[in-house]
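I have placed the structure first, in the form of structure tokens, so that the comments after it can refer back to it.
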Amino acid sequence: MLKDYYGKVLKKTSDLKSNACVAPAQPIPAFIRQALKKVHPEVTARYYGCGLVVPECLEGCRILDLGSGSGRDVYMLSELVGEKGHITGIDMTEDQLDVARTYVDYHTKEFGFKKPNVSFVQGYIEALTEAGLEKSSFDIIISNCVVNLSPDKKRVLAESYSVLKDGGELYFSDVYSSGRLTEEIKNHKVLWGECIGGALWWKDLLQLAEEVGFSPPRLVTASVITVDNKELQDILGDFKFVSATYRLFKVAKGATKPCQVIYNGSITGVEDSFQFDTQFTFKVDEVVEVDGEVATILTHSRFREDFTFQPQGGPRESCGVKPKAGTVDPFQLVLQLGKQQPGSATGGCCSTQSACCK
């Protein structure tokens, strides 16, 4: 069903019946806009994703794109990771993979690389190792409006956890519902294909992540999804939907005590201020107190070289007010933002001064 919808029914982005897969995004940093402009027009036209999924600190990283489709994000990220990095795209749809593979040489030349730093694999996001992807081999996994298309989301998370390196991150944008959906909605072919019928109740994501072993999901951004079709609206009733970006890390629990951290401004694109999630925005050279969970993530992930760490109550006093508790409910975040139009988070790759994924 999904292969037909994404391979045959949808021919271009304008064929979509909701904005679930093309939700508005925040202003895109210039260096990411430039990379996107270099992506071949056919690849962009055949792409169906919600927002833009670009985590920070990418140079030299090995990245996996779940449900890579026509390859827009793969090719854009291939320039950001550089020749020492590598991007793998996995998708189940032959038609989409055909489009992506057609332009490997085109983008290699466009980015000025001596050899390709991308590869495309046919397979299912619930069976990454069966598709030949090695365990503990990726620094980052991204996904853009794809996890909701899987009937077994726990297995998707478990497989992602398996192929991530220790300290690795699952950074993904997806569609979430305000409650558990009815069977009628789940079994509706168009709603499923539009990324709505398979939407998780956001609270279930928190539970599934914990069961698999990930750190608690950290909400980055959220935006409202609209359905401009009366027949579909009638079926959906009072359910509401958002596109939200979460980041989940593969780190040991309780490994680090609360501490003070100082961001050194070494990540390209966010040199002055790095928004980690809704709770923590790190301004350069400012002391911020973080809990043990965030301390563990920062000290055991690719961000470790971008911060200075010191015990709580260290020699430097905290600047300003301690951050409030973070929001994990995407619907609450949308209400807080009011009339603003947030999208999926965008970030940047590391500067050459940072260790990142080297």
Checklist entry - If R0 is 45 Å, what FRET efficiency do you get for LEU337 and LYS84 from their C-beta distance, rounded to 0.05? => result 0.75
Checklist outcome for this item: Under the Karplus relation with 6.51, -1.76 and 1.60 and θ = phi - 60°, whole-Hz ³J(HN,Hα) for segment 201-207, x at Gly and Pro, equal 5, 4, 5, 5, 4, 4, 5
Next on the checklist: When a/c reaches 1.5 or more, the comparison of a/b and b/c decides; with that in mind, is segment 31-161 rounded, prolate or oblate per its Cα gyration tensor?
Outcome noted: prolate
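State whether segment 135-225 is rounded, prolate or oblate according to the following rule on the C-alpha gyration tensor (a ≥ b ≥ c being the square roots of its eigenvalues): a/c under 1.5 gives rounded; otherwise a/b larger than b/c gives prolate, and the remaining case gives oblate.
Details: a/c = 1.95, a/b = 1.81, b/c = 1.07.
Prolate is the answer for segment 135-225, as a/c is 1.5 or above and a/b outweighs b/c.
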Checklist entry - Amide H neighbours of GLU286 under 5 Å, counting only residues 5+ apart in sequence or on other chains, H built in-plane at 1.01 Å? => result TYR263
Next on the checklist: Could you derive backbone 3J(HN,Hα) for segment 190-196 from the dihedral phi with the Karplus parameters 6.51, -1.76 and 1.60 (θ = phi - 60°), listing whole Hz in sequence and x where the residue is Gly or Pro?
Outcome noted: 5, 4, 5, x, 7, 6, 9
Checklist outcome for this item: Here FRET efficiency (C-beta to C-beta, LYS114 to THR226, R₀ 56 Å, nearest 0.05) is 0.80
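Any idea of the accessible area per residue across segment 1-250, 1.4 Å probe, to the nearest Å²? Working shown, then result.
On the way: 9680 Å² over 250 residues.
Heavy-atom accessible area per residue stands at 39 Å².
Take the solvent-accessible surface of the protein heavy atoms, probe 1.4 Å, and return the percent of it on segment 1-250 that carbon and sulfur atoms account for.
Values: 4870 of 9680 Å².
Of the solvent-accessible surface of segment 1-250, carbon and sulfur hold 50 percent.
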Checklist entry - Using modelled backbone amide H atoms (1.01 Å from N, in-plane), which distant-in-sequence or interchain residues come within less than 5 Å of GLY89's amide H? => result ASP65, SER119, PHE120, VAL121
Next on the checklist: Could you derive backbone 3J(HN,Hα) for segment 301-310 from the dihedral phi with the Karplus parameters 6.51, -1.76 and 1.60 (θ = phi - 60°), listing whole Hz in sequence and x where the residue is Gly or Pro?
Outcome noted: 10, 5, 8, 4, 7, 9, 9, 9, 10, 8
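For LYS135 and LYS186, what does the FRET efficiency come to when R0 = 35 Å and r is the distance between their Cβ atoms, rounded to the nearest 0.05?
Working: r = 31 Å, r/R0 = 0.89.
With R0 = 35 Å, the Cβ-Cβ based efficiency is 0.65.
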Checklist entry - Using modelled amide H (1.01 Å from N, peptide plane; none on Pro or chain starts), what sits under 5 Å from the amide H of GLN279, excluding residues fewer than 5 places away? => result THR327
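The values are calculated or read from the model by the stated rules, or taken from the named source; none is laboratory data. Computed from a prediction, not measured in an experiment: that's the story for all the values here. In this analysis, Cβ positions are derived from the backbone assuming ideal geometry, glycine residues included, and neighbour counts consider all displayed protein chains. Areas reflect the complete protein model, heavy atoms only, side chains present, ligands, DNA and RNA absent. Shrake-Rupley method; radii C 1.70, N 1.55, O 1.52, S 1.80 Å.
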